[in-house]
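To keep things clear, I will list the structure first and then write my remarks on it.
The values are calculated or read from the model by the stated rules, or taken from the named source; none is laboratory data. Source: prediction; values computed, not measured. Every residue, glycine among them, receives a Cβ derived from its backbone with ideal geometry; neighbour counts consider all protein chains shown. All accessible areas refer to the heavy atoms of the entire protein, side chains included, with ligands and DNA or RNA removed. Shrake-Rupley method; radii C 1.70, N 1.55, O 1.52, S 1.80 Å.
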Amino acid sequence: MGLRRHADLWLLGSAMLLCCVSPLKAEVKNSEHESHSNSNITGIPIVTFKWEHVETPYLVALWVLVSFLCKLVIEANHHVTNIIPESALLICAGFILGGIIWGADLQQTFKLTPTVFFFYLLPPIILDSGYHMPNKLFFTNLGAILVYAVIGTCWNAASLGLSLWGCHKGGAMGELDIGLLQYLLFGSLIAAVDPVAVLAVFEQVHVNEVLFILVFGESLLNDGVTVVLFNVFDAFVTLGGAQIDAVEIIKGIISFFVVAFGGSLLGFVFGLLMCFLTRCTKNIQIIEPGFIFVVGYLSYLTAEMLSLSAILSCVFCGVCCQKYINANMNENSVKTVKYAMKVFANGSETMIFVFLGISAIDKTIWVWNTGFILLTLLFIFIYRFIGVFIQTWILNRFRLVPLEFIDQLIMGFGGLRGAVAYGLAVMMDENKIKEKNLMVSTTLIVVFFTVIVQGIIMKPLVKWLKVKKATESELTLIEKVQNRVFDHMLVAIEDISGQIGHNYMRDKWKNFEEKWMMWLLMKPSARKKQDHVFNVFHQLNLKDAVEYVSEGESRGSLEFIRNDSAIIDFKKKLGEDIFDTMPDVTADTSFDHGIVLRDPVPSVSLEMHEQTMNGLREMEDLNSHHLLQEHLYKGRKQHRHKFSRNHLTINTDEDEVQEIFQRTMRRRLESFKSAKMGMGPPKIISKHTKKEQQKLFSDSGSFFPDFEFSEADSASGYDPSYSYRSGGGIENPAFMADLDPVVPVQIPPWLAEAELYSGAVSPSQRAQARPPLSAGDLRRLAPLRISTRSTDSFMMADIPAAEQRRDSFDLPPPPPPPPSKDGRHQ
Amino acid sequence: MGSSSSSLSHIPDGQQLMGETGFSAAHLLRLHERFELLDKDSRGHLRPEDFEEIRELTENPVGGRIIGAFFPPEKETLDFPSFVRILAHFRPTGKNRSRDRTQPEPANSRTGKLKFAFKLYDQDRDGKISRDELLQVLRAMLGLQVTEEQLQSIAERAIQEADLNSDGAISFDEFKKSLEKVDIEHKMSIRFLK
């Protein structure tokens, strides 16, 4: 509360400052003139007040500060912002400020000018939207989005313009000097759904993602149409009605295609440029983020220069470059870009709304015509709904999952107009359009109505209609696996039923992308950055290291480091079966702290065995989900253009395919053999609880003979990569970074028994591709197993691995394959 | 319509199949073409080897299971009606037409789809997904980088999350419940070309 009070004072103070500034400006100008006229200075000035010197930047900075302060004040109390969206409150703050300035100046010295808006305030928002666009969702729904954006906007514009004109003719508006063309012009500028407003309002509502992407995507893509319509009608108005003939109309239509596609293409070009740049910036990582902003801004300006759609250009630039940039740049740069973009976008949005409010407090622009204004509001509302319903009806015939009625309602209601409309309105030429002020006033009222009133109603409406909300809950493991199973299933069924579905195109794109785009646009190191395991290990270790030190410090001194016995005691407490004396002490103790990963305050004390066991379980949890996320096979349909982590699997797609292929062939061979020899299917490892499992691994000497062997062995000729690694964790390919990434392999359970003899070394992937075809070769690999021990200590991705590690030291050298197997092989 | 209904007569029990599965005549014809294409020796029925000819299936981790789903344990051959019945599971869920309770649950309803998915896991058809069965699926779905122990822990965790009556296995109801937030109708439907 104190903060709020202070914030109020700040705000008031800065507002005062602002209104003092402008009269001060005048005064200073005078005094400057005076002082200049005295060309002989009487003495050396110690301090001078040089306002003009800093005027422009000072005002800009001051206004930014004031806008941010408004936001501060507004966000101080969440009770209010829950009911009234922040954007509405910002507009009201703008009203207040505008009022103050008006009172001081009797004129509105500060307004939202189109130049400032279109060149400085809008680009960051658009760039941010493009960069953070959920690509998969976007492109899946692209058809629907385009329909709404293009057809919807044209419909809105035409219907509004014509209806207003009709009403004018009908006399509902009194005497106005507006012709049909001007009505259409007005219609085109007010028809477009505004991305800023949509974001601002929908952000707090959390509707389901399909709905959001449809409205949001529409608001972005309709710029293409808006720009064209506005320019075309503007030109028509200038030409006058007489000169419009078929040619002009056709030219208008062509210009639409040029503007829209040109803008998008330009955006792609800039996006590619950006990717390419980031590919080469290894040595200047510190200013990598700068490239993103600059090139993004340039894409906007270039499109503006060529009279193409600047918003489309900026959006597609961001959409196209996301993936590669995130792969190419180093972590910190990626974070920097994200945060900085959010700062700019948020800041811009705040300023836009504040200035919208301020600009409204201006007597000179207000012309009131009840009929015009009310009819506009009414028609906008009605035609939006009609448009949405009709288009959705058509779309639902083609969509796999139809849009429900409730979603359509929200979509219709979410057709918010915003600052873009205002900017366009102000840009009109008052010589050509006599009633410009009326239009500006109407636009303002429409904007305020949609943002404030509709914004306030949106949240309760969504709740009331029980719109399906975005699921934010963490998926269970089953769900994650099942989702992936579904994807694979669908691909399989499509193949079986001979579909060339959606995914044919995606397939082709993916192949193209992998062949060319990755090569061209991604750093070789990014492409090779395969090792998710290393990432896990790395991250865990980072956290561990931090916690280790903080833990040590919290105990008064880094006694841990100095006192070896303390370390060992600590470990003992953590569970006898799990740890043992490890050669790599620091790594080990750091791993201990990994257990309290979830625990922000390292509350581990030497006594808290329980807690660490819980931590262990949580750790398992973390690992399970993480592992699942990382390692589930992607399948053909996956195109998650999100983060570099996902690249790893995409780049290993070939290997994935290899793996699966080999497994499949192997399985077939088994079943073939079993059919031939009349034997049952290969046995699988029976159920083990964790304890049993540990026990099993601990006396692995007796482990091997326990398993039954089957004809599965013979299939192993296909794939030597399956080798049992009882000795421990995951190979760290980072250690062999410059060799082919060694794929640490694991036996599939149903083949476990077949592989036990073959040792733990996973041959390189090249070897995988050319499998040695005899069991003899496999046996040759066995002795190599011993060498893996040296690397084991570095593997600490998880506890079982650690435990395994211990076992590997205890294990006797692998027993020779039991004779029965030999018999089968020969 | 005239031509398609006359060619529909090539398909035995065509009308009945249409009613049962909900496929349109055009769909059925197309599927029949596909069936005949897969049936290289024109035997009139399909065998697992015919499916294995489809190259893409070898690259699919659940390919083997899907093939298995077409062929229940006793049968080695697949005739066209069975082929179509399985594929019917993947039809998009239509609006709820009123159907009488006596009719069996349509294959492409949410429950029908879930049953199919469940069967993919439950290979021994005992009505439960045991830990091993889950392990097998996980093994198939996860890359080779995952160690056996990690796999076990994932399977363990997954069962813990889903198993409500703590019997160590996932029954169909538990399976259904754990997937209640998933949009099955969308995720398990493809648009069949006409």
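Just a few scattered comments:
- A:Phe139 in a helix (DSSP H, G or I), among the aromatic types (Phe, Trp, Tyr) and either outside the structural domain of A:Ser255 (by the TED database) or at pLDDT 90 or above (or both): no
- Residue within segment A:332-348 that is within 23 Å of A:Phe95 (Cβ to Cβ) and touching a helix residue (DSSP H, G or I) at 6+ places or on another chain (Cβ under 6 Å) present: yes
Yes/no matrix, rows are residues, columns are (1) within 11 Å of chain A (Cβ to nearest Cβ); (2) without any contact (Cβ under 8 Å) to a residue 60 or more places away in the chain; (3) assigned to a loop (DSSP other than H, G, I, E, B):
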residue	(1), (2), (3)
B:Ala26	no, no, no
B:Lys40	no, yes, yes
B:Arg43	no, yes, yes
B:Phe90	yes, no, yes
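- Within segment B:49-69, the residues that satisfy the criterion of being more than 8 Å from chain A (Cβ to nearest Cβ) and at pLDDT 80 or above are B:Glu49, B:Asp50, B:Arg65, B:Ile67, B:Gly68, B:Ala69.
- Candidates A:Gly252, A:Gly240 - the one that is open to solvent by less than 50 Å² (accessible area, probe 1.4 Å), modelled with pLDDT under 90 and either touching a strand residue (DSSP E or B) at 6+ places or on another chain (Cβ under 8 Å) or at positive phi (or both): A:Gly240
- Residues in segment A:65-116 that are within 18 Å of A:Gln204 (Cα to Cα), modelled with pLDDT under 85 and part of a loop (DSSP other than H, G, I, E, B): A:Asn77 alone.
- Taking every residue in segment B:125-136 that is at the interface with chain A (Cβ under 8 Å from one of its Cβ atoms) and pairing it with any residue that is among the charged types (D, E, K, R) and assigned to a strand (DSSP E or B), at least 6 positions away or on another chain, yields no pair with a Cβ-Cβ distance below 9 Å.
- A:Phe398 hydrophobic (A, V, I, L, M, F, W, C), outside any helix (DSSP H, G or I) and more than 26 Å from the chain's Cα centre (by Cα): yes
- Selected residue (criterion: nearest to the other protein chains (Cβ to nearest Cβ)) from residues of segment B:149-181 that are within 25 Å of the chain's Cα centre (by Cα) and among the acidic types (Asp, Glu): B:Glu161
- Test: residue in segment A:456-471 that is of a type outside the set (D, E, K, R) and in contact with a Ser or Thr (Cβ under 8 Å, 6 or more places away or on another chain): no
- With respect to being more than 16 Å from A:Gly418 (Cβ to Cβ) and in a helix (DSSP H, G or I), A:Ser313 fits the description.
- Residue within segment A:369-387 that is over 28 Å from A:Thr153 (Cβ atoms), at pLDDT below 85 and either in the same structural domain as A:Leu127 (by the TED database) or not in a helix (DSSP H, G or I) (or both) present: no
- Subset of segment B:141-194 (residues that are touching a Pro at 6+ places or on another chain (Cβ under 8 Å), of a type in the set (Asp, Glu) and under 16 Å from A:Val485 (Cα atoms)): B:Glu185
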